[in-house]
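Input: a single structure, listed below in structure tokens.
The values are calculated or read from the model by the stated rules, or taken from the named source; none is laboratory data. Note that this is a predicted model, so its numbers are computed, not measured. Every residue, glycine among them, receives a Cβ derived from its backbone with ideal geometry; neighbour counts consider all protein chains shown. Accessible surface areas use protein heavy atoms only, side chains included; no ligands, DNA or RNA. Shrake-Rupley method; radii C 1.70, N 1.55, O 1.52, S 1.80 Å.
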Amino acid sequence: MRAAALAVSTLIGANVCAQSNVTIYGVVDAATAYASNQGGKSNTYMRSGSLSASKIGFQGVEDLGGDLKALFLLENGFESDTGAQSSASSLFNRQAYVGLQSNAYGTLTAGRQYTPYYLLVGSLASSNVLTGATGAHPGDIDGLDTTVRISNSVTYSMPAWRGLQASAQYGLGEAADGNAVGSSFSAAVKYSTSPAEFALGYLKLKNGQNGAGWSDNASGSFGISAINQGYASAESIAFIAASARYTMGKWMVGANASNVQYQAGSRSAFRDTAIFNTAGLISSYQLTPQWFLSAGYSDTFASHANGVSDRARYRQLSFEQNYALSKRTAIYLIEARQLARGQTLGQGGAIIDAVASVGDSQNGTPSSNGGQTVVMVGLKHSF
């Protein structure tokens with residue numbers, strides 16, 4: 001009996017020790033939203049994750065000794081309005097990776113992850129000051145919000161040194177006839193010297209073996225909207241972006257710019273490289289310990305290509321008012337207005353009039369014309 005009791009207590013102690021290294025975290029976010037035009041009609045509806053994506057995650061670290069730690073992260077997205085998974089086919093659709101970390105040599109991780117491009121450059125851009133729902137650049141055309149995730153990827157991040165961070169990532173295409181098919185590559189650097197921060201990043205996504213659109217077998221996914229749907233059959237997409245911030249007490253001002261190139265292949269529904277350039281400004285102000293205010297403006301314009309003479313242009317103005325009830329709970333109000341002009345390509349490669357699609361919340365519900373207004377009021381709780 002004593003031996004059995006000792007064995008049980010040892011197992012319990014080991015289990016408690018293991019659990020102490022694992023953190024469960026998450027966000028539950030629900031809002032009532034109004035869109036002035038979704039396919040020709042206004043709509044009032046409930047939406048999940050308007051300020052921050054609703055999610056639950058598990059994060060763990062084990063000290064292996066000698067300046068070496070093992071780590072993992074599993075993160076699932078869900079819809080707070082219905083309880084459904086954000087991706088029916090993936091349990092941990094947002095992130096799922098394991099790795100090793102050393103203070104002296106950096107961090108190496110493998111699995112499904114965000115890109116260095118997003119983590120370093122996107123962290124200073126509009127969607128992290130406002131929200132991706134209404135603050136991301138139209139359709140998240142430049143991938144500076146969380147729409148780009150890379151499966152089958154390996155990432156190395158150097159140790160921070162005098163305010164400098166750098167990271168590189170390669171996503172394996174895993175095609176039997178050539179790993180380059182469906183692969184991806186990203187690299188970025190960030191420099192912080194209070195009160196200023198600067199970042200520069202690059203991302204290249206290659207399509208898989210699918211001429212009709214973007215292959216599900218490609219390592220990288222991205223947001224498809226009315227802004228870029230005519231170029232989803234691209235052979236590859238290249239992203240370059242830079243962002244900067246300057247903080248003065250309660251004020252923050254920032255700027256960002258990006259260049260995205262959809263490169264045609266033999267099976268693409270378009271023939272010329274399509275280029276989207278975006279310039280953006282952001283600002284925030286901590287009015288009181290409870291009230292946080294922010295605003296952003298962006299201007300996105302396409303190139304003259306593929307028979308389009310009146311190139312598409314998207315101008316967007318976004319606002320956020322956030323009142324913290326506690327460190328973990330907040331009530332928020334967000335508003336955005338987008339104007340679209342000119343022409344672009346539709347799904348079949350035909351030239352069509354550009355339509356508005358605010359942030360990345362309207363990727364599947366664009367306006368039927370060149371104007372769209374979106375207003376959301378919601379409650380967010382973090383745990």
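Label positions at Gln290 and Ser89, each projected 7 Å from the Cα along the C-beta direction, are separated by 4.6 nm. The solvent-accessible area of Tyr297, taken with every protein chain present and a 1.4 Å probe, is close to 90 Å². Based on the Cβ-Cβ distance from Asp81 to Ser303, what FRET efficiency comes out when R0 is 30 Å, to the nearest 0.05? Efficiency at R0 = 30 Å is approximately 0.20.
The residue list Ala241, Ala255, Ile351 was ranked by how far each Cα lies along the charge dipole of the chain toward its positive end, using unit charges on Cβ atoms, and Ala255 comes out on top.
Taking Rg and Dmax of the Cα atoms in Å as calculated from this structure, the corresponding entry among (i) 21.1, 73; (ii) 22.1, 86; (iii) 20.1, 58 is (ii).
For Ser126, Ser382, write out the residues from largest to smallest accessible area, computed with a 1.4 angstrom probe and no ligands counted.
On the way: Ser126 10, Ser382 30 Å².
Ranked from most to least accessible, the order is Ser382, Ser126.
In order along the range 219-228, the phi-based Karplus estimate (6.51 cos²θ - 1.76 cosθ + 1.60, θ = phi - 60°) of 3J(HN,Hα) comes to 5, x, 10, 8, x, 10, 9, 5, 6, 10 Hz; Gly and Pro are listed as x.
Along the range 168-173 the Karplus relation, 6.51 cos²θ - 1.76 cosθ + 1.60 evaluated at θ = phi - 60°, assigns HN-Hα couplings of 9, 9, 10, x, 6, x Hz to successive residues, with x for each Gly and Pro. Glu62 sits with roughly 100 Å² accessible to a 1.4 Å probe, with DNA, RNA and ligands left out of the calculation. On C-alpha positions alone, give me the angle between the axis of helix 2-19 and the longest principal axis of the chain, in degrees, nearest 10. Long axis of 2-19 versus the principal axis of the chain: about 30 degrees. Relative contact order of the range 47-105: 33 percent, from C-alpha pairs under 8 Å at least 6 residues apart in sequence. Residues whose amide H comes within less than 5 Å of that of Glu174, counting only those at least five positions distant or on another chain, are absent (H built at 1.01 Å from N in the peptide plane).
Note on the range 171-247 and the range 327-350: Cα centroid distance 20 Å, given to the nearest whole angstrom. Using a Gaussian network model of the chain with C-alpha springs under 10 Å, which one of Asp29, Asp353, Asp63 is most mobile by mean-square fluctuation? Highest fluctuation of the listed residues: Asp63.
Given Cα pairs under 8 Å that are at least 6 residues apart, what percent is the relative contact order of the range 182-227?
Computed value for the range 182-227: 39 percent relative contact order.
Largest accessible area first, the listed residues Leu130, Leu339, Leu119 line up as Leu119, Leu339, Leu130 when surface is computed with a 1.4 Å probe on the assembled protein chains.
Taking Leu124, Leu73, Leu325 in turn, the Gaussian network model of the chain (Cα-Cα springs below 10 Å) assigns the largest fluctuation to Leu325. Across the range 28-183, C-alpha contacts under 8 Å between residues 6 or more apart give a mean separation that, scaled by the residue count, equals a relative contact order of 15 percent.
Each helix, a run of at least 4 DSSP H residues, gives -39500 (n - 2.57); summed and divided by the residues of the chain, these come to -2000 deg cm²/dmol at 222 nm.
Amide H to amide H, with H built 1.01 Å from N, Gly49 comes under 5 Å of Asp29, Ala30, Ala31, Ser54, Ser80, counting only residues 5 or more places away or on other chains. Other residues within the sphere of radius under 15 Å centred on the Cβ of Val22, judged by their own Cβ, net out at -2 (K and R +1, D and E -1). Across the range 377-383, rounded Karplus estimates of 3J(HN,Hα) from the backbone phi angles (6.51 cos²θ - 1.76 cosθ + 1.60, θ = phi - 60°) give 10, x, 10, 10, 10, 9, 9 Hz, Gly and Pro being marked x. Using 0.36 nm per residue and subtracting the Cα-Cα separation, the extra length available between Asn103 and Glu174 on full extension is 22.4 nm.
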